[in-house]
Ligand SMILES: Cc1ncc(C[n+]2csc(CCOP(=O)(O)OP(=O)(O)O)c2C)c(N)n1
Ligand SMILES: [Mg+2]
């Protein structure tokens, strides 16, 4: 614990501006180039390159379709897991968007947070990104969404795995994985059993059409995205990890 010597309660941006106006040292030479170089690195990493997989849909395609279609007032909620890496790296968030996610990456937040957001902002499109593991933790909140007609669009990345943990296992104990495979229900059928709309994406060619259908739907929607496990995270593949 550090004792505060001078407490200042302020918004960061106006505070930084006010500070810059008072005796701030001049910017070091080369600063503009330095900023340009860093921004170039960011821009390169954020650029999306399609990489179709043989074992399912690259979840990044769903994120890119949301980028094209969801509009500037979308509220996105996020569960914890590797599926979120595509949104973190490639979704171009604007100030008008709202992101609701747990900094510590707790699973189970995504679906209930989406229900809460849709009830609070019924006129804004509310999209939840959630893995199959996370959906199996709190997906039953769908009952509340149906009961209160909360217009949530839940995009379940169904890679048949606690993929985040599987990646740790593949990195540290190559070829020795355990307890990370999931036996999933048909999430679209499960959604219909709840009284919600259930949609499935099992080919990349269908991503745009199904995302459009989900966004246009009248009530809660679950989209079962049969996503690739080979594309286990946005920046590498299982094959590359195994090859060391
Ligand atoms: C409540 C909770 N339990 C366990 C974890 C540890 N954990 C982080 S990600 C993860 C697996 C996530 O699996 P899934 O939701 O299928 O997403 P994927 O990584 O496959 O994209 C686990 C178990 C956590 N973050 N929160
Ligand atoms: Mg998973």
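At a glance:
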| item | result |
| --- | --- |
| Output for the range 40-77, where each listed residue is modelled with pLDDT of 95 or more and within 16 Å of ligand 2 (Cβ to nearest atom) | 55, 56, 57, 58, 59, 60, 62, 63 |
| Inter-residue pairs, beta-carbon under 8 Å, first over 19 Å from residue 60 (Cβ atoms) and in the range 153-172, second more than 8 Å from ligand 2 (Cβ to nearest atom) and assigned to a helix (DSSP H, G or I), 6+ apart | 170/238; 170/241; 170/242; 171/241 |
| Set 105, 80, 110: member being within 13 Å of the chain's Cα centre (by Cα), surrounded by fewer than 20 Cβ atoms within 10 Å (Cβ to Cβ) and within 16 Å of ligand 2 (Cβ to nearest atom) | 105 |
| Residue within the range 190-211 that is in a helix (DSSP H, G or I) and within 13 Å of ligand 2 (Cβ to nearest atom) present | no |
| Looking only at the range 218-232, and only at residues there that are outside any loop (DSSP other than H, G, I, E, B) and more than 11 Å from ligand 2 (Cβ to nearest atom), the one that is farthest from residue 59 (Cα to Cα) | 221 |
| Scope the range 112-129; condition within 13 Å of residue 221 (Cα to Cα), touching a strand residue (DSSP E or B) at 6+ places or on another chain (Cβ under 6 Å) and either within 14 Å of ligand 1 (Cβ to nearest atom) or in a loop (DSSP other than H, G, I, E, B) (or both); matching residues | 128, 129 |
| Only one of 139, 134 that is buried (at least 22 other Cβ atoms within 10 Å of the Cβ) and farther than 22 Å from residue 213 by Cβ | 134 |
| Residues within the range 143-167 that are over 16 Å from residue 84 (Cβ atoms) and within 16 Å of ligand 1 (Cβ to nearest atom), tallied | 1 |
| Pair list, Cβ < 7 Å and 6+ apart or interchain, from the range 96-122 residues that are within 18 Å of residue 165 (Cα to Cα) to residues that are assigned to a helix (DSSP H, G or I) and within 16 Å of ligand 2 (Cβ to nearest atom) | 107/133; 107/134; 107/137; 108/134; 108/137; 108/138 |
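The values are calculated or read from the model by the stated rules, or taken from the named source; none is laboratory data. Given the structure is predicted, the values throughout are model-derived calculations rather than measurements. Because the Cβ atoms are built from the backbone with ideal geometry, glycine has one as well, and the counts that use them run over all protein chains shown.
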